[in-house]
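Peer 1: Dumping the structure here so I can ask a few things about it.
What follows draws every value from the coordinates through simple rules; no lab data is involved. Here the structure is a predicted model, which means the values were calculated and not measured. Cβ: placed from backbone, ideal geometry, glycine included. Neighbour counts: every protein chain shown.
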Amino acid sequence: MAFRFGRRPVDKPVSICWLYGFLKRWQSRVVSKKPSTLDRIRVRNSTPESAYYFNNNLDKTLSELGLYDCPERIN
């Protein structure tokens, strides 16, 4: 990314020293987050059948409202 924006002259990975320096400079703003587990209800309802039902309803609604060509109108 730094190479693409002209901040580095060569396109090669940054060193581990750079990473430690970055983390030290931004330690108050960079945080590590652990992903949360799914609730049991969400896991139980996340079935292929429910996904198929949702996608069919979404497809039907987008067709009826003519939103396939105008995604900017979806809020």
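Peer 1: For the stretch 31-52, check the following and say yes or no: at least one residue is touching a helix residue (DSSP H, G or I) at 6+ places or on another chain (Cβ under 9 Å), assigned to a loop (DSSP other than H, G, I, E, B), surrounded by 10 or more Cβ atoms within 10 Å (Cβ to Cβ) and of a type in the set (A, V, I, L, M).
Peer 2: Within the stretch 31-52, none of the residues are touching a helix residue (DSSP H, G or I) at 6+ places or on another chain (Cβ under 9 Å), assigned to a loop (DSSP other than H, G, I, E, B), surrounded by 10 or more Cβ atoms within 10 Å (Cβ to Cβ) and of a type in the set (A, V, I, L, M).
Peer 1: Next question, about the same structure. Would you confirm whether or not the stretch 16-28 contains a residue that is assigned to a helix (DSSP H, G or I), surrounded by fewer than 10 Cβ atoms within 10 Å (Cβ to Cβ) and under 23 Å from the mean Cα position of the chain (by Cα)?
Peer 2: no
Peer 1: Another question about this same structure. Which of the residues belonging to the stretch 43-57 are over 21 Å from the mean Cα position of the chain (by Cα) and under 17 Å from ILE74 (Cα atoms)?
Peer 2: Of everything in the stretch 43-57, just one residue is over 21 Å from the mean Cα position of the chain (by Cα) and under 17 Å from ILE74 (Cα atoms), namely ASN57.
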